[in-house]
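The values are calculated or read from the model by the stated rules, or taken from the named source; none is laboratory data. In this text the structure is predicted, and so the values were computed from the model without any measurement. Cβ sites come from the backbone with ideal geometry, for glycine too, and all protein chains shown count toward neighbours. Surface areas here come from the heavy atoms of the whole protein model, side chains and all, with no ligands, DNA or RNA. Shrake-Rupley method; radii C 1.70, N 1.55, O 1.52, S 1.80 Å.
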Amino acid sequence: MCYKGYQVRMKRTITERELRNDSGAVLREVQAGRTIFVTRNGVPVAELCPVAPQRRFVSRATIAEAVRTAPSVDADRIRADFDAVVNPAADG
């Protein structure tokens, strides 16, 4: 199976002829994250899958909204948490 450290969303089966006639559309589907099995005379012969997860554009407005609505960080509490697991007197 073509699992390269990410989740494959959907699978479908096409014939060798479909791959030949619609290769551009098939590759766009694969690029979008879909795994496609290719058959010859009804027998599976190949599996087309994405080679890497696709990067997704996130707008500046979406990031700003996420930052605006994120919970605030209590600096004293996080420092206490760090000090609980790391010796604050240790030289670095």
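Residues checked against (1) closer than 17 Å to residue 11 by Cβ; (2) loosely packed, with under 11 Cβ neighbours inside 10 Å; (3) within 22 Å of the chain's Cα centre (by Cα):
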{"residue": "21", "(1), (2), (3)": "no, no, no"}
{"residue": "31", "(1), (2), (3)": "yes, no, yes"}
{"residue": "34", "(1), (2), (3)": "yes, no, yes"}
{"residue": "49", "(1), (2), (3)": "yes, no, yes"}
{"residue": "58", "(1), (2), (3)": "no, yes, yes"}
{"residue": "63", "(1), (2), (3)": "no, yes, yes"}
{"residue": "66", "(1), (2), (3)": "no, yes, yes"}
{"residue": "74", "(1), (2), (3)": "no, yes, no"}
{"residue": "79", "(1), (2), (3)": "no, no, no"}
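With respect to residue 38, is the statement that it is open to solvent by less than 50 Å² (accessible area, probe 1.4 Å), touching a strand residue (DSSP E or B) at 6+ places or on another chain (Cβ under 8 Å) and not in a strand (DSSP E or B) true? Let's see the steps before the verdict.
Values: open to solvent by less than 50 Å² (accessible area, probe 1.4 Å): yes; touching a strand residue (DSSP E or B) at 6+ places or on another chain (Cβ under 8 Å): yes; not in a strand (DSSP E or B): no.
Answer is no for this residue.
The residues of the range 38-58 that are in contact with a helix residue (DSSP H, G or I) (Cβ under 6 Å, 6 or more places away or on another chain) and among the basic types (Lys, Arg) amount to a single one, 40.
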